[in-house]
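**Student:** Questions regarding the structure given below will be posed in turn.
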Amino acid sequence: MKKLKYLLMLVFFSVNAQTLTIEEAYSLAKQNYPLIKRNDLIAKTKQYNIENASKGWLPQINVIGQATYQNEVTQLPISLPNMTIEPLSKDQYKVFADVQQTIYDGGMISNQKKMAEINSEIEMQKTEVETDKLEERINQMFFGALQMDEQIQQVELTKTDIENALKKAEAQLKYGVIFRSNVDVLKAQLINLEQKKIELQTVKKSFLDMLSVFIARNLDENTQLQKPERILVENQNNRPELKLFDLQKQALEQQKSIINSKNLPKLGAFAQGGYGKPGFNMLKNEFDVFYIGGIRLNIPITGLYTKKNDLALIDIQQQEIEVQRENFLFNQQFQTLQNNNELDKIQQLIEKDSELITLRESIKKASLAQLENGVITTSDYLREVNELDRAKNQKILHEIQYLLTLYNLKAQLNN
């Protein structure tokens with residue numbers, strides 16, 4: 001009845017326990033990373049910058065008011081018979097509106113809009129670079145918890161072996177075949193295993209608590225981490241930093257276009273109208289309406305003084321980005337080589353672990369038979385059980401190390 005109750009509880013917890021895969025952890029971590037909120041801000045900034053650039057095609061209107069006093073005014077140097085020409089007042093006033101309409105801007109507005117789009121992509125890519133770094137941090141926590149979980153299971157298996165031996169030892173004690181100290185040795189080891197289990201559960205909880213913060217989901221001791229399968233990692237570098245380098249070079253290229261546009265001729269229309277004293281008729285010393293309109297051609301010359309150097313500076317900046325790119329690829333290649341060598345080494349260790357476990361299983365089985373026949377003591381048997389337990393834990397460690405290295409390699413190459 002007690003066993004049936006235990007099985008029912010086990011089934012209940014298995015059904016209700018949430019399962020988490022490594023890919024789900026990646027996705028949740030990226031969704032809940034605070035930096036991801038920048039994307040909305042970047043998109044709004046891009047929209048405002050493009051709208052502001054587009055408004056360069058709208059008429060530019062200024063309303064100007066002016067009141068002046070001057071010590072001398074224009075007068076005719078002669079006097080005409082039977083005619084009096086009143087001189088202009090030394091105090092003069094005018095209020096007018098000045099309207100400028102761009103007709104041709106040398107491509108400046110178009111280039112500014114393109115620059116706004118590229119800058120937005122650069123900022124988005126910077127966020128992508130930072131969020132991709134999360135994968136290696138998630139790997140440490142996920143595989144750390146997974147290792148503790150498998151070691152806890154191994155503790156339970158070892159406990160089962162010792163409990164079986166304890167039953168046989170207690171039977172032998174009952175018939176006076178062995179001393180009580182032999183039984184106590186096994187009981188003491190069970191207490192050691194309970195302590196080890198508590199330590200492993202505490203470390204697992206720490207990993208799960210840290211993982212919970214990253215994925216914004218409550219994880220407890222009933223959470224089942226799905227052990228990832230071994231994957232084939234292609235030797236192709238898809239890191240977001242490479243796209244960031246390309247975008248930065250593209251932005252510099254766009255700056256060249258802006259420099260060229262700034263030094264091209266500009267054509268615009270203008271109109272000016274207002275009310276003041278005097279108007280355009282300088283011989284009429286009274287308030288009047290005035291207006292003027294026309295076409296204005298602006299050919300910038302001074303910009304040509306620095307254009308060559310400005311373009312040369314941009315070329316240097318592009319070369320610097322290319323150097324950063326080459327340095328990044330060099331470091332990535334070095335890390336990839338290290339990880340691949342590490343994977344080869346760990347795989348060989350796992351194969352040796354399997355051979356060792358097979359031998360230790362055989363030795364433990366023989367030791368149990370010897371214990372039953374009184375050939376060896378419980379301490380001798382316990383030593384073989386511990387050696388088997390150590391071999392299995394070593395294999396667990398190597399298998400998790402292999403997966404951790406493999407998924408770190410995947411994250412480093414962004415495959």
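**Student:** Out of (1) surrounded by fewer than 12 Cβ atoms within 10 Å (Cβ to Cβ); (2) free of Cβ contacts under 8 Å to residues at least 24 places away in the same chain; (3) not small (Gly, Ala, Ser), what's the single condition that is false for residue 304?
**Tutor:** Here residue 304 clears every test but (2).
**Student:** When the range 215-263 is examined, which residues are found to be charged (D, E, K, R) and assigned to a loop (DSSP other than H, G, I, E, B)?
**Tutor:** Restricting attention to the range 215-263, the residues satisfying the condition of being charged (D, E, K, R) are 217, 220-221, 227, 229-230, 234, 239, 241, 243, 246, 249, 253, 256, 262.
Hits for the range 215-263 are 217, 220, 221, 227, 229, 230, 234, 239.
**Student:** For the range 21-78, how many residues meet the condition of being part of a helix (DSSP H, G or I) and among the hydrophobic types (A, V, I, L, M, F, W, C)? Walk me through how you get there before you give the answer.
**Tutor:** So in the range 21-78, the residues part of a helix (DSSP H, G or I) come out as 22-32, 34-57.
Checking the rest, the ones that are also among the hydrophobic types (A, V, I, L, M, F, W, C) come to 22, 25, 28-29, 35-36, 41-43, 50, 53, 57.
Total meeting the criteria: 12.
**Student:** Looking only at the range 360-377, decide whether some residue is under 30 Å from residue 136 (Cα atoms) and touching a residue at least 12 places away in the same chain (Cβ under 8 Å). Give the derivation first.
**Tutor:** Of the residues in the range 360-377, the ones under 30 Å from residue 136 (Cα atoms) are none.
Taking every residue of the range 360-377 in turn, none turns out to be under 30 Å from residue 136 (Cα atoms) and touching a residue at least 12 places away in the same chain (Cβ under 8 Å).
**Student:** Pick from 364, 345: which is part of a helix (DSSP H, G or I), crowded, with 17+ Cβ neighbours inside 10 Å and either at pLDDT 90 or above or of a type in the set (Val, Ile, Thr) (or both)? Lay out the reasoning, then the answer.
**Tutor:** Working: 345 fails: crowded, with 17+ Cβ neighbours inside 10 Å.
Answer to the check: 364.
**Student:** Are any of the residues in the range 233-242 over 30 Å from residue 344 (Cα atoms) and modelled with pLDDT of 90 or more?
**Tutor:** No, the range 233-242 contains no residue that is over 30 Å from residue 344 (Cα atoms) and modelled with pLDDT of 90 or more.
**Student:** Is it the case that residue 279 is over 52 Å from the mean Cα position of the chain (by Cα), surrounded by 15 or more Cβ atoms within 10 Å (Cβ to Cβ) and in a loop (DSSP other than H, G, I, E, B)? Write out each step before concluding.
**Tutor:** Values: over 52 Å from the mean Cα position of the chain (by Cα): yes; surrounded by 15 or more Cβ atoms within 10 Å (Cβ to Cβ): yes; in a loop (DSSP other than H, G, I, E, B): yes.
Against the criterion (over 52 Å from the mean Cα position of the chain (by Cα), surrounded by 15 or more Cβ atoms within 10 Å (Cβ to Cβ) and in a loop (DSSP other than H, G, I, E, B)), residue 279 qualifies.
**Student:** Considering only the range 38-72, state which residues are of a type in the set (D, E, K, R) and either closer than 29 Å to residue 103 by Cα or at pLDDT below 90 (or both).
**Tutor:** Step one: of the range 38-72, the residues of a type in the set (D, E, K, R) are 38, 40, 44, 46, 51, 55, 72.
38, 44, 46, 51, 55, 72, listed by residue number.
The values are calculated or read from the model by the stated rules, or taken from the named source; none is laboratory data. From a predicted model like this one, the values you see are computed outputs, not experimental measurements. Positions of Cβ are backbone-derived with ideal geometry, glycine not excepted, and every protein chain shown enters the neighbour counts.
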